[in-house]
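Student: Got a structure for you, written out below as C-alpha cells; questions coming shortly.
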Amino acid sequence: MPDRFETGMAVRRSVLGDAHVDRAEAAKTEYDLPFQTLITESAWGNVWASDAIPRRERSMLTLALLAATGNFEEISMHVRAATRTGASRSDIMEAFQHVAIYAGVPKANHAIKLAKQVWSELDKGEDA
C-alpha cells in the first residue's frame, strides 16, 4: 500500500499545482505541521486520491460544498484547481446554481463573484 502522505502530496500537486503547494510548504511551521500532515494524508491522500469519482466531479462537489457552507476562503484556490481537473467554467456555474437553490442565493452569489475574479486573473495570464 502506498504511503498516504506521498500519495496525498502527489495528488495535491496535480490538482493545485506545484507553485501553490511550494508556497504552502514554504509557509509551514512547527505549529501547523500536524495540520498540514493531516490534510495531505486525509483530504489529498484519501478523498482526492480515490478513483470512485473523477476529479472533474470532485472539483464541482468541493466548490459547491465550500459555497453552501459559507467557507469562501478556499473557493478561489479550487476554481484555479478546476483548470487542472477538467471542470469547465460552465460546470462551476452549474454547481453554484445548485448552491443557490439548495443553500441560498447570497452564498452562491458570493462564490460566483470569487470565481469571476479568478477567471479574470486567468484570462489576463496571471498565476494559475
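Student: Residues in the stretch 30-44: is at least one of a type in the set (Phe, Trp, Tyr), open to solvent by less than 60 Å² (accessible area, probe 1.4 Å) and closer than 24 Å to ASP3 by Cβ?
Tutor: There is at least one residue in the stretch 30-44 that is of a type in the set (Phe, Trp, Tyr), open to solvent by less than 60 Å² (accessible area, probe 1.4 Å) and closer than 24 Å to ASP3 by Cβ.
Student: Still on this model: Determine if the stretch 61-70 includes at least one residue that is modelled with pLDDT of 95 or more, open to solvent by 40 Å² or more (accessible area, probe 1.4 Å) and closer than 26 Å to ASP18 by Cα.
Tutor: The answer is yes, given that some residue of the stretch 61-70 is modelled with pLDDT of 95 or more, open to solvent by 40 Å² or more (accessible area, probe 1.4 Å) and closer than 26 Å to ASP18 by Cα.
Student: May I ask you to list the residues in the stretch 1-53 that are within 23 Å of GLY86 (Cβ to Cβ), without any contact (Cβ under 8 Å) to a residue 12 or more places away in the chain, outside any helix (DSSP H, G or I) and of a type in the set (A, V, I, L, M)?
Tutor: Correct list: ALA52, ILE53.
Student: Within the stretch 79-97, restricting attention to residues that are surrounded by fewer than 16 Cβ atoms within 10 Å (Cβ to Cβ) and among the hydroxyl-bearing types (Ser, Thr, Tyr), which residue is nearest to ARG58 (Cα to Cα)?
Tutor: Within the stretch 79-97, the match that is nearest to ARG58 (Cα to Cα) is SER88.
Student: Further question on the same structure: Report the residue count in the stretch 98-128 for those that are free of Cβ contacts under 8 Å to residues at least 24 places away in the same chain, open to solvent by 30 Å² or more (accessible area, probe 1.4 Å) and either within 17 Å of THR69 (Cα to Cα) or of a type in the set (D, E, K, R) (or both).
Tutor: Matching residues across the stretch 98-128 total 11.
The values are calculated or read from the model by the stated rules, or taken from the named source; none is laboratory data. Nothing here was measured: the structure is a model prediction, and the numbers come from that model. Positions of Cβ are generated from backbone atoms using ideal geometry, with glycine treated the same way; all protein chains shown enter the neighbour counts. For the accessible areas, the whole protein counts, side chains as well, though only heavy atoms, and no ligand, DNA or RNA atoms are used. Shrake-Rupley method; radii C 1.70, N 1.55, O 1.52, S 1.80 Å.
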